[in-house]
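A.B. asks: Quick one: structure below, then a few questions.
The values are calculated or read from the model by the stated rules, or taken from the named source; none is laboratory data. The shown structure was predicted, so the numbers you read here are calculated from the model rather than taken from an experiment. With ideal geometry, Cβ positions are generated from the backbone for all residues, glycine too; neighbour counts draw on all protein chains shown. Calculation scope for accessible area: heavy atoms of the full protein, side chains included, ligands and nucleic acids excluded. Shrake-Rupley method; radii C 1.70, N 1.55, O 1.52, S 1.80 Å.
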Amino acid sequence: MLRRVADGVVVHESTFCQSNAVVVEGSRGVLVIDAGVHETELECLADDLRAADREVVAAFSTHPHWDHLLWHPALGAPPRWATALGASTARARLAGAIDRARFGIPDDVPFELMGDMTGLPQDAEELPWDGPRVRIVEHRAHTAGHAALLIEDLGVLVAGDMLSDVFVPMLDLRDAADPLADYADALDLLEDAAAGVDAVIPGHGSVGGAGDLRSRVELDRAYVRALADGAEPDDPRIGPEARPGWEFVADVHARQAAVLAERRAGGGGA
Ligand SMILES: [Zn+2]
């Protein structure tokens, strides 16, 4: 089911970690951002678009994590873009066999067209498509090549895996030299970019308004600050008031805190 977020912007929500696929109306068809996860949901999105007589003319992946790289033939074969670094990172990471169990990937997630992205030029500022201007806000925080998309004229920020109401900041503990500083910088960047925005669409979680956007930036900043201080964050997403079904986010946090503590202790970390 497609749910309206703003004029010309709808989301298609997945049962997998409340993932949001985003559809933006263009002049000759639609742009699909992070298409979805389960095969039935990708097919459902394709059916909904066909019923609305909308052709997919462009697609974008916000970052090179498996749940943001999927596609289905029923959605057609438009150009599927990512940032230059996002596309090259996806290619490198998908070069070998993918272990579904290790990454918790459901059995029905289709791998056939996963990660088949075209990298945009390094200096691209917007998506080259026939629709409302979509600005690429690339930043280093969640993973290499991550980008939020700002659709200024429609008042929408598509945040990728940032600014979630259900996930705490998920740090790039794999590649970043200073993941906490990167994350803090990215929050500043997103806050500036989204100053005039009415709606924020996270990769996972609830669509929020302008007030939610500001409070999520503050909450994420407080989380990052607490981790930098080696303190336990006071954060509703990992406390007793965490949403039912989302208790595992506390484990995500515990893992991140442990890696950072180990690095601080000079252990080198993971
Ligand atoms: Zn991710």
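A.B. asks: Name the residue farthest towards the positive end of the dipole of the chain from the options Gly131, Thr15, Ser61, assuming +1 on Cβ of Lys and Arg, -1 on Cβ of Asp and Glu, about the Cα centre.
C.D. replies: Going by the charge dipole, the pick is Ser61.
A.B. asks: Okay, next question. Quick one: which residues, 5 or more positions from Glu126 or on another chain, have an amide H under 5 Å from its amide H? H modelled 1.01 Å from N in the peptide plane, none for Pro or chain starts.
C.D. replies: Ile136
A.B. asks: Give the residues of the range 1-41 whose amide nitrogen is closer than 18 Å to a point set 7 Å from the Cα of Asp130 in the direction of its Cβ.
C.D. replies: Only 24-32 pass the distance filter.
A.B. asks: Something else: In whole Å, what are the extents of the chain along the principal axes defined by its C-alpha atoms, from largest to smallest?
C.D. replies: Largest first, the chain extends 56, 43, 40 Å along its Cα principal axes.
A.B. asks: Additional query: If exposed means no more than 16 neighbouring beta carbons inside 10 Å and the site is in a DSSP loop, what's the longest run of the chain without any exposed GluC sites (Glu not before Pro)?
C.D. replies: The answer is 126-240.
A.B. asks: Can you list the residues, at least 5 places off or on another chain, whose amide H is less than 5 Å from the amide H of Phe60, using H built in the peptide plane?
C.D. replies: For Phe60, whose amide H was placed from the backbone, the distant partners under 5 Å are Val32, Ile33, Asp34, Trp81.
A.B. asks: Something else now. In the range 144-221, which trypsin sites (Lys or Arg not before Pro) fall in coil by DSSP and have 16 or fewer other Cβ atoms within 10 Å?
C.D. replies: Listed in order of number, the matching sites are Arg174.
A.B. asks: So if I place +1 on the C-beta of Lys and Arg and -1 on the C-beta of Asp and Glu, and nothing else carries charge, what would the dipole magnitude of the range 2-264 be about its Cα centre? I want it in debye, nearest 20.
C.D. replies: I would put it at about 360 debye.
A.B. asks: Related question: Taking only protein heavy atoms into account and a 1.4 Å probe, give the accessible area per residue of the chain in Å².
C.D. replies: Spelled out: the 1.4 Å probe surface of the chain, per residue, equals 44 Å².
A.B. asks: Karplus couplings for the range 105-120 from phi (6.51 cos²θ - 1.76 cosθ + 1.60, θ = phi - 60°), rounded to Hz, Gly and Pro as x?
C.D. replies: 8, x, 4, 8, 6, x, 8, 3, 10, 5, x, 7, 9, 9, x, 6
A.B. asks: At 7 Å along the Cα-to-beta-carbon direction for both Ala74 and Asp99, put a label point, then send me their distance in nm to one decimal.
C.D. replies: Distance between the two pseudo-spin positions: 3.2 nm.
A.B. asks: Continuing with the same structure: Enumerate by residue number the chymotrypsin sites (Phe, Trp or Tyr not before Pro) in the range 167-270 meeting two conditions: DSSP loop (anything except H, G, I, E, B), and at most 14 other Cβ atoms within 10 Å of the site's Cβ.
C.D. replies: Phe248
A.B. asks: Calculate the spin-label point distance for Asp192 paired with Asp234, positioning each point 7 Å from the Cα along the beta-carbon direction, and give it in nanometres.
C.D. replies: If labels sit at Asp234 and Asp192, their model points lie 3.0 nm apart.
A.B. asks: Using the Cα centre of the range 20-122 as the reference point, and only Cβ charges (+1 on K/R, -1 on D/E), how large is the resulting charge dipole? Debye, rounded to the nearest 20.
C.D. replies: So the dipole magnitude of the range 20-122 works out to roughly 500 debye.
A.B. asks: Subtracting the Cα-Cα distance from 0.36 nm times the residue separation, let me have the gained length for Arg174 to Asp7 in nm, one decimal.
C.D. replies: 56.3 nm
A.B. asks: Report ³J(HN,Hα) in whole Hz for each residue of the range 94-103, in order, from the Karplus equation J = 6.51 cos²θ - 1.76 cosθ + 1.60 where θ = phi - 60°; Gly and Pro get x.
C.D. replies: 9, 5, x, 6, 9, 8, 4, 5, 4, 9
A.B. asks: May I ask you to give the percent of accessible area on the range 2-264 that is carbon plus sulfur, with a probe radius of 1.4 Å?
C.D. replies: 50
A.B. asks: With θ set to phi - 60° and the Karplus curve 6.51 cos²θ - 1.76 cosθ + 1.60, what are the ³J(HN,Hα) couplings of the range 9-23 in order, to the nearest whole Hz, using x for Gly and Pro?
C.D. replies: Working through the residues one at a time gives 9, 10, 10, 10, 8, 9, 6, 7, 6, 6, 6, 10, 8, 10, 10 Hz.
A.B. asks: Mind checking which of Val166, Val24, Leu113 is farthest towards the positive end of the chain's charge dipole, using Cβ charges of +1 (Lys, Arg) and -1 (Asp, Glu) about the Cα centre?
C.D. replies: Comparing the listed Cα positions along the dipole, Leu113 ranks first.
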